[in-house]
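The values are calculated or read from the model by the stated rules, or taken from the named source; none is laboratory data. Note that the structure is predicted; figures quoted are calculated from it, not measured. Neighbour counts are summed over all protein chains in view; Cβ atoms, including those assigned to glycine, are modelled from backbone coordinates with ideal geometry. Ligands, DNA and RNA are excluded from the accessible area calculation, which covers all protein heavy atoms including side chains. Shrake-Rupley method; radii C 1.70, N 1.55, O 1.52, S 1.80 Å.
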Amino acid sequence: MATLYSLRNLGISPGQSKHEELELELAPYVQAGVAYASPVSAVPGLLDVTMMTEGLSFRLRFQAELHGPCARCLEDATLHVNVDAHAVHDSEVEDDQLRSEWVDDDEHELDVTGWAQEEVGVRFPNRLLCRKDCRGLCDTCGIDLNQVDGVHTHDKPSDSRWDALRTLQLGTEEQAENDAADALERGE
Ligand SMILES: [Zn+2]
Ligand SMILES: [Zn+2]
């Protein structure tokens, strides 16, 4: 659910601030079809709204924890985010730098949840791991290598068909080199 903060009747003059405590209901963050969710339905947030000579400035602070599968071993992985974000908004200007996309000028509202979720998104890593040195799953048997003491290996099955293919590829490379050498000799 969106937390919409009304910017009507703020009751502050330029240079003055309001300090608000809010509850943020963060939707799960979805990456590559996998959802990373907060274990609590709402996290406490702090919003500071400062009236400037022109426009408003906002500061949003909150901490959240998102849980989901590790990108390597699929065990539970946790991301702690500590957000301290700033934005400004001046409804009189066209400059994107001075306009927060989370302010609705017609409704005079700040979508605090939308902003909070965007801040989580930009802090989310490309691959969330259960721990920095997660060893992942074995390519061959799928065992969780974090549960294995020492080295985990499989005897490589010898397959003569692969050897045959390798010889074939080498032969092709040699042939290509010979062709190139012949071409040089003929002055092509
Ligand atoms: Zn892992
Ligand atoms: Zn294995």
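Here is how the numbers come out for the structure above:
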{"read-out": "Breaking point among (1) modelled with pLDDT under 95; (2) in contact with a strand residue (DSSP E or B) (Cβ under 9 Å, 6 or more places away or on another chain); (3) among the small types (Gly, Ala, Ser), for residue 85", "value": "(1)"}
{"read-out": "Test result for residue 151, open to solvent by 20 Å² or more (accessible area, probe 1.4 Å) and either part of a helix (DSSP H, G or I) or farther than 21 Å from residue 5 by Cβ (or both)", "value": "yes"}
{"read-out": "Filter pass, residue 74 being hydrophobic (A, V, I, L, M, F, W, C) and in contact with a helix residue (DSSP H, G or I) (Cβ under 6 Å, 6 or more places away or on another chain)", "value": "no"}
{"read-out": "Meets criteria (loosely packed, with under 14 Cβ neighbours inside 10 Å and in a loop (DSSP other than H, G, I, E, B)) for residue 44", "value": "no"}
{"read-out": "Criterion violated by residue 80 - all others in (1) open to solvent by 80 Å² or more (accessible area, probe 1.4 Å); (2) modelled with pLDDT under 95; (3) within 21 Å of the chain's Cα centre (by Cα) satisfied", "value": "(2)"}
{"read-out": "Residues (in a helix (DSSP H, G or I) and open to solvent by 30 Å² or more (accessible area, probe 1.4 Å)) located in segment 102-118", "value": "117, 118"}
{"read-out": "Residue within segment 53-70 that is surrounded by 14 or more Cβ atoms within 10 Å (Cβ to Cβ) and of a type in the set (Val, Ile, Thr) present", "value": "no"}
{"read-out": "Considering residues of segment 19-38 that are farther than 13 Å from residue 63 by Cβ and assigned to a loop (DSSP other than H, G, I, E, B) only, the residue nearest to the chain's Cα centre (by Cα)", "value": "32"}
{"read-out": "Conditions (1) within 16 Å of ligand 2 (Cβ to nearest atom); (2) assigned to a loop (DSSP other than H, G, I, E, B); number of the one not met by residue 146", "value": "(2)"}
{"read-out": "Yes/no for residue 86 being within 15 Å of residue 5 (Cβ to Cβ) and open to solvent by 70 Å² or more (accessible area, probe 1.4 Å)", "value": "no"}
{"read-out": "Residue list for segment 119-131, restricted to those being in a loop (DSSP other than H, G, I, E, B) and within 11 Å of the chain's Cα centre (by Cα)", "value": "124, 125, 126, 127, 128"}
